[in-house]
Amino acid sequence: MSARKKVVKIEEQVSLHTLAARMGVKATDVLLKLLALGVTGIHVNSVIDADAAKLVASDFGWDVEDVAVTEEQILEHARGNEEDEAGPLSPRSPIVTVMGHVDHGKTSLLDRIRQSKVAAGEAGGITQHVGAYRVKTSKGTITFLDTPGHEAFTEMRARGASLTDIIVLVVAADEGERPQTREAIRHAQSAKVPVVVAVNKVDKPGADPERIRRELGPLGLAPEAWGGDTLYCDVSAKTGEGIEHLLEMISLQAEMLHLQANPKRPATGTVVEALLDRGKGPLARVLVTDGTLRTGDVVIAGAAWGRVRAMTDELGRRVAEAGPSTPVEILGLSDVPKAGDTLYAARDQKKAQALAEARRTKAGKVQASTPLSLAGLAGRLAAAGQLELRLILKADVQGSVEALSSALSRLSTDKVRVNITHAGVGAVTEGDVNLASAAKAIVVGFNVRPTGKAASLAEAEGVEIRSYDVIYAAIDDVMKAMAGLLAPVVVEKPLGAAEVRELFKIGKLGTIAGCMVTSGSVKRSGKVRLVRDGVKVWEGKIAGLRRVKEDVSSVERLTECGILLDGYSALKPGDVIECYEMQEVAATL
Ligand code: GDP
């Protein structure tokens, strides 16, 4: 053995199977290692990313080398050498997002600012919706993103676009801090974006602007007057009071940030919105963040590329170029990019096109076999904060209850906690369903079935009952659900049930059960399950279905029939033969 490190080469991602083969170990050993590392929802055919591969390979004494040409490298080639343009930076105007609790006046404030600038003499006014608009103040220009609210902001952030320089937090003076106010503060703090507080609705009789300062101060937004560094501004979107002051405060905050860009470089921007216009084709509203975008430029944004055919600004004017912090609507893309995609101007049209196509192929592949990455999983779950998956477990024997409940509890991660609300032996009862409904839990049945009215109650209450007869399958589904990766599942569609009344032993054939179909119908082609006192005792197919003396393909409710099971003879009067079909449906766990 050489003393050199053993190296596995992969291109960006690798299937668990291949990785194991290259290291000369068993795929199941790699799988177990990954599970132990807390990766959920995987099997031996899963595709894992380079980071996860590196992590697991090191445990086997291997190094992973990612030999894929990175997108950045390709992009760099497409954009061309930029060093020649590395000139001095110029100041740029701030990009502002308005956030706050619903009904506290975000939209009114944005409208008021827009209108006051119309009054200030912009010919024609801000008529065109291009995703953002600029406002001129005595202290400089401010760019406001048009869509207030948290979703747009978090979506952009989730896609890696940090478009916002300053957040204006709108808080109604007559209501005070509310859940979404706190949420906005958390977003701002985690993105390290400074906040200017607009205390709105000060015209209202119940307004108490000082109270807002008292409430927000302890949340990390101590006002300047108290020795903190957060700017507050009392405004009324209704009367216009304080609006000019707010704009000044935003400019003041912006000055402190020393925002800069280089207008001489090829443009970089962020897609704020994009859509397919029937007449004009793909249309993207872009905020240029650095450099200058010009008509005729070749651009790439996500999986779209093209040559900028026309640009329009927020005043509805055709413009030939757009510098840093300028919003424009552009035409000429091959496709509709996604909000949050970064747009780059490129010198090399062929390379830009090739990259866009490569991205599209990759996006298709990702959808087909979502590669698992530790970071990806974490990201998806982080969006929802801590999640709790509540389960009610029912199984045929105590041993299974214990095995299942400890296996499922162990799946808990710090993001998703599996909470076994209740676990017990026996069929799934109405009581279980009621509990599940109250606790917003899912019922997991192992080798047991719903009895009495449990199934119909579950349907009425919207409670999900999932039945399994392999522990691994139950664990696997829960893991997949936790990772948000649950694939469409094949579920059974009940057809009907028959009760065994009498038994006839017929020579070599076996035992024919004289039955009464008590609900739905029993089909010769269906699958069946033999249930005794609510517990499944056998599962299989029908070998023969007879009505009087005829072989038939199906028997309806309240009809007597003879059923011969394919490979089971130890039936007893009172047993229930449940008949069902398998059907593929979208997963909802
Ligand atoms: P958003 O949900 O935060 O966008 O809130 P809106 O802008 O839709 O405003 C919610 C309600 O508050 C509307 O009925 C507005 O007319 C009202 N409103 C907004 N700003 C003011 C204000 O400064 N004073 C008063 N009196 N009402 C306001």
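Here are a few things to note about the model shown:
- ALA346 vs. criteria more than 20 Å from LEU163 (Cβ to Cβ), in contact (Cβ under 8 Å) with a residue 40 or more places away in the chain and open to solvent by less than 20 Å² (accessible area, probe 1.4 Å): yes
- Contacts under 9 angstrom Cβ, first residue in region 97-116 being free of Cβ contacts under 8 Å to residues at least 60 places away in the same chain and open to solvent by 10 Å² or more (accessible area, probe 1.4 Å), partner within 7 Å of the ligand (Cβ to nearest atom) and among the aromatic types (Phe, Trp, Tyr), 6 or more apart: none
- Search result, residues across region 181-202 that are open to solvent by 60 Å² or more (accessible area, probe 1.4 Å) and in contact (Cβ under 8 Å) with a residue 24 or more places away in the chain: ARG182, GLU183, GLN189
- Some residue of region 172-189 being of a type in the set (A, V, I, L, M) and modelled with pLDDT of 95 or more: yes
- Taking region 195-206 as the range and being of a type outside the set (Lys, Arg) and modelled with pLDDT of 95 or more as the test, the residues that pass are VAL195, VAL196, VAL197, ALA198, VAL199, ASN200, VAL202, ASP203.
- Qualifying residue in region 249-258 (condition: within 16 Å of the ligand (Cβ to nearest atom) and either hydrophobic (A, V, I, L, M, F, W, C) or farther than 30 Å from THR342 by Cα (or both)): no
- Top-ranked residue in region 395-416 [being at pLDDT 80 or above and not in a helix (DSSP H, G or I); ranked as least open to solvent (accessible area, probe 1.4 Å)]: ALA395
- LEU276 falls short of the stated requirement of being over 11 Å from TYR344 (Cα atoms) and open to solvent by less than 30 Å² (accessible area, probe 1.4 Å).
- Filter result (in contact with a helix residue (DSSP H, G or I) (Cβ under 8 Å, 6 or more places away or on another chain), open to solvent by 20 Å² or more (accessible area, probe 1.4 Å) and charged (D, E, K, R)) within region 423-447: GLU430
- The residue list SER467, SER456 contains one member that is at negative phi, at pLDDT 85 or above and loosely packed, with under 13 Cβ neighbours inside 10 Å, which is SER456.
- Yes/no for VAL478 being touching a helix residue (DSSP H, G or I) at 6+ places or on another chain (Cβ under 8 Å), outside any helix (DSSP H, G or I) and either surrounded by fewer than 17 Cβ atoms within 10 Å (Cβ to Cβ) or not aromatic (Phe, Trp, Tyr) (or both): no
- Unique match (being open to solvent by less than 40 Å² (accessible area, probe 1.4 Å), in a strand (DSSP E or B), among the polar types (S, T, N, Q) and over 30 Å from GLY41 (Cα atoms)) among THR518, THR511: THR511
- Enumeration of residues in region 241-269 that are of a type outside the set (A, V, I, L, M, F, W, C), open to solvent by less than 50 Å² (accessible area, probe 1.4 Å) and part of a helix (DSSP H, G or I): SER251, GLN253
- Taking region 212-240 as the range and being farther than 12 Å from VAL170 by Cα and within 16 Å of the ligand (Cβ to nearest atom) as the test, the residues that pass are LYS238, THR239, GLY240.
The values are calculated or read from the model by the stated rules, or taken from the named source; none is laboratory data. Note that the coordinates shown come from a computational prediction; the quantities given were computed from them, not determined experimentally. All Cβ positions, even for glycine, are placed from backbone atoms using ideal geometry, and neighbour counts span all protein chains on display. Remember, those area values only see protein heavy atoms, side chains included, never the ligands or the DNA or RNA. Shrake-Rupley method; radii C 1.70, N 1.55, O 1.52, S 1.80 Å.
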